[in-house]
Amino acid sequence: MITFEKVIKEYNGGQKSYRALDDINLEIKDGEFVSIIGPSGAGKSTLLKMLIREEVPSGGQITVDNINVPELTDSEVPYLRRKIGTIFQDFKLLTNKTSFENVAFALEVVGADEEQIKTDVPKVLRIVGMDEKFENFPHQLSGGERQRIAIARALIHRPKILLADEPTGNLDLLNTFDVIKLLMKINEFGTTVVLASHDREVVNAVGQRVITMDKGKVVKDQEQGKYTI
Amino acid sequence: MKPTKKNLMRVIEVGWINFKRNSWLAFGTIGIMVLTLLIFVGLVAFNIVSRTTIASLEEKVDITAYLKTNVSDDQASEIVNELENLPEISYVNYVSREEALEEFKKRHADEELVQQALLELGENPLQASLEIKAGETAQYASLVSFIEKSDFSNLIDKIDFYENSTVISRIQKISSGLRVGGILVTLILSLIAVLVTFNTIRLTIYSQKQEIEIMRLVGASNWHIRGPFVVEGALYGIIAGLAVLIIFYPMVYLVSPRVQSFIPSMDLANYFSNFFGQMGLLVLGSGIALGVVSSVIAVRRYLKI
Ligand SMILES: Nc1ncnc2c1ncn2[C@@H]1O[C@H](COP(=O)(O)OP(=O)(O)OP(=O)(O)O)[C@@H](O)[C@H]1O
Ligand SMILES: [Mg+2]
């Protein structure tokens, strides 16, 4: 479970500070698929960054599985991040590594052994439908395929939560819906998915809980919502 | 993730790869480290040389009081008795005219001309003398003035002493000056070496931005992220240290015979051979310390966890 309680985030940009999140109160249960929508600058990315402690709140409480996120020490943060997979609009793949190596990298850097890499990486690549293109480098893949590799990497630690920040922002319609379908499939397996997007089509296609944000505030929280402006 | 052996190998491997990628920067970084370590080792060597020189000169310092030719052996032994009672004096030796002559003849045994001249002279031209050693170098000056003012001063022809003492004080002054200078230069160079290494590591961090971002994202432990950069810094230090040993030791063997011809008691080659292990540790240890300190600072400043 994820909870936000009276969360405030102020960025210090030069002299004046900017309030990107203003009194956020939320509860996301295990296994939910939550879409967060809102115009550019609403604070969607900031909200997701709080969950992996990329940013710390200026006030309020955030918990993930009863872990008090802002209170974690630097050495505890990596364990939090292994529980939460993350994907982005720009994929963040290493350009000099193949599909297989990009996913394997996530295992190597937490000290997994060869054995585990050899069994887990093909398995997760199969889940995202990329079992044909292990040896391709990112520039030899379509945008949708790249995002699948990124999703495979996010899944490699079997996270309980998957954060997707504008995952379809760089994709055409066909690829967009492929990726959304994949996220829904992952959600059906029991992973909590939090999707940030400003694309009405995407959110409507998911057809689940929709949280609408504007100017750092939650302005609407609908079960089975449809995106309205 | 605990630092197991396999993980450690990976961290070292990545550090080594970073190091190889940076080869030109690495060259400059190691260069400045070598310079720093060389000056440092030179300072250590110089300290040893100056200390040995001073010790050997102090050993040699003594007062030679030449007695007038009319002083009898009895009078001489009275003076010896009186001097031996002084607490400052550690050693007094009386050399009679006959002994002095024997000694002189022995020393010039091969020289026909000298022997000839002695024979022609007929009588013993040498003076009896007292060799006096004090417990400490600083006491010589007061001893000399004591002897000059004593009631047996009229039996003494002249006192030989001043030369050595001025040489010693001059060496002491030069060596302490050089030591202060050496320490200062070593400190300044260390600072420059740390800055240069720091900058190299910073550039590696920038070139690895993508990898670091992903490592953080997928929950790599902090030492997995930071470790390779610290390994890279340590590698610069190790290579610089080895280079310094490779330069320093042949130099010592080259210079050693020359130094020994000035100061026979100083066998640099032998000395540094005996302390090879300690020197190796000192040089490599300082190199690693320079490299690790620099990379730790760079990582702390530029690597977000
Ligand atoms: N590091 C930062 N420093 C200062 N201000 C920031 C920083 N990051 C974000 N902001 C500001 O906080 C506000 C919210 O940003 P955020 O990225 O969360 O918006 P968003 O809803 O994700 O927008 P988009 O849909 O364009 O991605 C914006 O006005 C942005 O300028
Ligand atoms: Mg955003």
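The values are calculated or read from the model by the stated rules, or taken from the named source; none is laboratory data. On a predicted model such as this, the values are computed, not experimentally measured, just so you know. Glycine also receives a Cβ, built like all others from the backbone with ideal geometry; neighbour counts cover every protein chain displayed. To get the accessible areas, we keep the full protein, side chains included, count just its heavy atoms, and leave off ligands, DNA and RNA. Shrake-Rupley method; radii C 1.70, N 1.55, O 1.52, S 1.80 Å.
Here are the numbers:
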read-out: Degrees, to the nearest 10: A:143-155 long Cα axis against longest axis of chain A; value: 80 degrees
read-out: Segment B:183-230: radius of gyration and largest Cα-Cα distance (Dmax), Å; value: 14.7, 47
read-out: Stokes-Einstein translational diffusion, chain A - Kirkwood Rh over all Cα pairs, 0.890 mPa s, 25 °C, in µm²/s; value: 135 µm²/s
read-out: Probe 1.4 Å, all protein chains present, accessible-area order of A:ASP214, A:ASP165, largest first; value: A:ASP214, A:ASP165
read-out: Per-residue SASA entry for A:GLU145, accessible area with 1.4 Å probe, Å² rounded to 10; value: 40 Å²
read-out: Tail weight of P(r) past 42 Å, computed on alpha-carbon pairs of the protein assembly as shown, percent; value: 50 percent
read-out: For B:LYS20, net neighbour charge (Lys/Arg +1, Asp/Glu -1) across residues whose Cβ lies under 14 Å away; value: -1
read-out: Surface accessible to a 1.4 Å probe, per residue, for the residues of the protein assembly as shown, Å²; value: 52 Å²
read-out: Rounded tilt (10° steps) of A:114-127 against the dominant C-alpha axis of chain A; value: 70 degrees
read-out: Per-q log10 I(q)/I(0), segment B:63-160, q = 0.10, 0.15, 0.19, 0.24 Å⁻¹ (Debye; single scatterer per alpha-carbon; no solvent); value: -0.32, -0.65, -0.90, -1.22
read-out: Cα-centre dipole for the protein assembly as shown with unit charges at Cβ (Lys and Arg positive, Asp and Glu negative), debye to 20; value: 4140 debye
read-out: Restraint check, A:LYS29/B:LYS209; A:LYS29/A:LYS118; A:LYS123/B:LYS5; B:LYS68/B:LYS105; A:LYS6/B:LYS209, Cα-Cα greater than 31 Å; value: A:LYS29/B:LYS209; A:LYS29/A:LYS118; A:LYS6/B:LYS209
read-out: Positions from segment A:99-125 whose accessible area shrinks by 50 Å² or more when the full protein complex is built, not the chain alone, probe 1.4 Å; value: A:PHE105, A:VAL109
read-out: P(r) tail fraction, chain B - alpha-carbon pairs more than 35 Å apart, %; value: 50 percent
read-out: Zero-based 10 Å bins, Cα pair distances in segment B:113-225, whole percents; value: 9, 17, 14, 13, 10, 9, 9, 8, 7, 4, 0
read-out: Extent along principal axes [Cα atoms of segment B:190-296; Å; largest to smallest]; value: 67, 23, 18
read-out: Whether segment B:1-111 is rounded, prolate or oblate, judged on the alpha carbon gyration tensor where a/c under 1.5 counts as rounded; value: prolate
read-out: Per-residue SASA entry for A:MET130, accessible area with 1.4 Å probe, Å² rounded to 10; value: 10 Å²
read-out: Residues in segment B:218-243 occluded by at least 30 Å² - accessible area, probe radius 1.4 Å, against chain by itself; value: B:VAL218, B:GLY219, B:ASN222
read-out: Buried accessible area, chains B and A (both chains, 1.4 Å probe, Å² to nearest 100); value: 2100 Å²
read-out: Degrees, to the nearest 10: A:173-188 long Cα axis against longest axis of chain A; value: 80 degrees
read-out: Relative contact order [Cα under 8 Å, 6+ residues apart], chain B, whole percent; value: 30 percent
read-out: Kyte-Doolittle mean at least -0.5 and Cα axial length at least 30 Å: DSSP H helices in chain B; value: B:23-60, B:162-207, B:222-262, B:276-302
read-out: P(r) tail fraction, segment B:19-73 - alpha-carbon pairs more than 14 Å apart, %; value: 75 percent
read-out: Net dipole in debye of segment B:63-160 [+1 Lys, Arg Cβ; -1 Asp, Glu Cβ; about Cα centre; nearest 20]; value: 220 debye
read-out: Overall Cα dimensions of segment A:93-157, principal axis frame, Å, largest first; value: 30, 23, 18
read-out: Diffusion coefficient, µm² s⁻¹, Stokes-Einstein with Kirkwood Rh over alpha-carbon pairs of segment A:115-229 at 20 °C and 1.002 mPa s; value: 140 µm²/s
read-out: Solvent-accessible area, 1.4 Å probe, carbon plus sulfur percent, for chain A; value: 48 percent
read-out: Residue-averaged 222 nm ellipticity for chain B, from DSSP H runs of 4+ at -39500 (n - 2.57), nearest 500; value: -26000 deg cm²/dmol
read-out: With all protein chains modelled, accessible area of A:HIS198 [1.4 Å, Å²]; value: 90 Å²
